[in-house]
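Values quoted throughout were computed directly from the atomic coordinates according to the rules given, and no laboratory measurement underlies them. Everything numeric in this text was worked out from a predicted model, so none of it was measured. Using ideal geometry, Cβ is built from the backbone for each residue, glycine included, and neighbour counts are taken over all protein chains shown.
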Amino acid sequence: MAIMAAAAKALVVVVMAATVVGTALGATHTVGAPNGSWDLQTNYAQWVSNIKFSVGDQLEFKYSPSMHDVVEVSKADYDACSSSTPIATFNSGDDTIPLPAAGTRYFICGVGNHCNNGMKITVKVEAAATGSNPAPPPMAPPRAGSPPAAAATPPTAASTPPTATGGGRPAPPSSSATKSAGVESLVGLGVAAIAAGLVMFY
């Protein structure tokens, strides 16, 4: 009985950790799902309109490799349904394509007239949302006879305002610093959740 209880507790902790890690890695979007796949029947304009693609997500194309392929192309080749100068070609039937940067990407089926018959998709990848730390409320002036307030904590690198560049405008924070702060927050949250789960069960 004690072994089963310990196993159940361990399973809960593993599930909590997996959830946090999955959130940090981004979402997987199976093209055409849940009602279709990479085929001639799916309305891809409608499918894309219901999804927000973010940096860190990935696309998953599922199809019969004897009937279709996936070709990443330029905007001009997308509009012309031409696969003659591909950026990349995939033909495994189960292709996972990462979306590591913001921007618009274009995919078509390069077999026959499939692209002209609707097997084409435009994916607009947005920068990952970053959490903003609200400014602390202003401190009230000390009242007569009250002890002085504790010294303020020095700002961290993540909260230090950017310095001005030559044009007088503030320099934006580096994307690596923003991503690092976001991942550190998620990892910290995951560790806290796991610790809370352990404390709750023991």
Check your understanding: Reachable aspartates and glutamates from residue 52, Cα under 12 Å, same-chain residues fewer than 8 places away excluded?
Key -> 126
Review point. How do 93-105, 70-82 rank on mean C-beta neighbours within 10 Å, highest first?
Key: 70-82, 93-105
Revision key, fill the gap. Extension length gain for residue 30 and residue 52 (0.36 nm per residue less Cα distance), in nm, is 6.6 nm
**Study point:** Separation in nanometres of the label points that stand 7 Å from Cα toward Cβ, at residue 124 and residue 91
**Key:** 3.3 nm
